Amino acid sequence: MMHLRTLIFTSVMLPWILSSAAKNEYVEVWKPQNGIVNTQDYESDQEVTPKANEMPTCLLCVCLSGSVYCEEVFPEISTVPALPKETAYLYARFNKITKITNGDFSDMVTLRRIDLSGNLITEIEDGAFSKLINLEELSLAENRLTKLPMLPTNLVSFNANSNRLRPQGVKATAFKRLTKLAYLYLGNNELTAVPHLPESLHVVHLHNNRIVTITDVTFCKGNSSHYIRTNMDEVRLDGNPIKLSRHPESFICLQSLPIGWYN
């Protein structure tokens, strides 16, 4: 009978005692020495998502052979990220960048193309691009710019379509020094006049602005009836209030008529 009781005690009570001991040991391990539970001890173990501007660029974006792709990243970026020294091509479209400063590209002489289309840019400091001696393509399309900064002289293509550019924000001589510029896109803005167009231009888009007049030196040389502008392939002036049939001498040097309203 005594052996039966011992057996019952061993099979029933011993597991319960061991279980209780294990629980007490668990509590002792996690119990603070001062008896006070600090919630920060637990919060520190939680995964914290860093802000976009605090993350290394090549973790937030895709870096590949001199190209940096920061397009529609999450979390969205609101400033230009720090770029690897060898960056030649930056694609940072469709983010929430609001301003370009002089320091964003200050030592990035390797840059050849920058695409910042589809952001919220309202301001660009005047020297932000001026030192980029190798920059050939710059796109600022679909932003909120009212004026243009100083542009690098080696640009081949410049796109500022669909901004809010105003006459006082685009100087008449803004593109005069850009002797390699071949493609100029200024459509869907608020311009009232055509700026000086360098001889190198092949395509210029000025559609959907507020241009009301052009002169015989806008595209041609008024004092020369023999001058032909051989480079210019396409001029868009559609969507402006100007009636082109009233200015026949203004585009007599072009090899094809501008696209626009004639009747």
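The table below lists the values:
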| quantity | calculated |
| --- | --- |
| Accessible heavy-atom area order of L184, L83, highest first, probe of 1.4 Å | L83, L184 |
| FRET efficiency for N223 and D107, using Cβ-Cβ distance with R0 set to 41 Å, rounded to 0.05 | 0.35 |
| Electrostatic dipole magnitude of segment 144-263 [Cβ: Lys, Arg +1; Asp, Glu -1; Cα centre; debye, to 20] | 460 debye |
| Alpha-carbon Debye profile of segment 124-217, log10 I(q)/I(0) at 0.21 Å⁻¹ | -1.08 |
| Efficiency of FRET between R166 and L120 - r from beta-carbon atoms, R0 25 angstrom, step 0.05 | 0.90 |
| FRET efficiency estimate (nearest 0.05) - Cβ-Cβ, T153 to N263, R0 41 angstrom | 0.55 |
| Taking all pairs of distinct alpha-carbon atoms in segment 54-145, Kirkwood radius in angstrom | 13.0 Å |
| Net charge dipole size for segment 217-263 [Lys, Arg +1 and Asp, Glu -1 on Cβ; Debye, nearest 20] | 140 debye |
| Per-selection Rg to Rh, segment 217-263 - Cα, Kirkwood hydrodynamic radius | 0.95 |
| Segment 142-185 - percent of accessible surface contributed by carbon and sulfur, probe 1.4 Å | 45 percent |
| Accessible area (Å², per residue) of segment 95-136, counting only protein heavy atoms and a probe of 1.4 Å | 43 Å² |
| Label-to-label distance, nm, for residues given as E199 and V212 (7 Å Cα→Cβ offset) | 3.4 nm |
| Percent of Cα-Cα distances greater than 14 Å, calculated over segment 185-263 | 57 percent |
| Charge context of I211, other residues only, Cβ under 12 angstrom, K/R +1, D/E -1 | +1 |
| Pair T173, I252: separation of 7 Å Cα→Cβ label points (nm) | 2.8 nm |
| Listed residue pairs exceeding 32 Å between alpha carbons, taken from K96/K243; K96/K221; K131/K243; K99/K221; K96/K171 | K96/K243; K96/K221; K131/K243; K99/K221 |
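The values are calculated or read from the model by the stated rules, or taken from the named source; none is laboratory data. Computed from a predicted structure; not experimentally measured. Here Cβ is always computed from backbone atoms with ideal geometry, including for glycine, and neighbour counts include all displayed protein chains. Areas reflect the complete protein model, heavy atoms only, side chains present, ligands, DNA and RNA absent. Shrake-Rupley method; radii C 1.70, N 1.55, O 1.52, S 1.80 Å.
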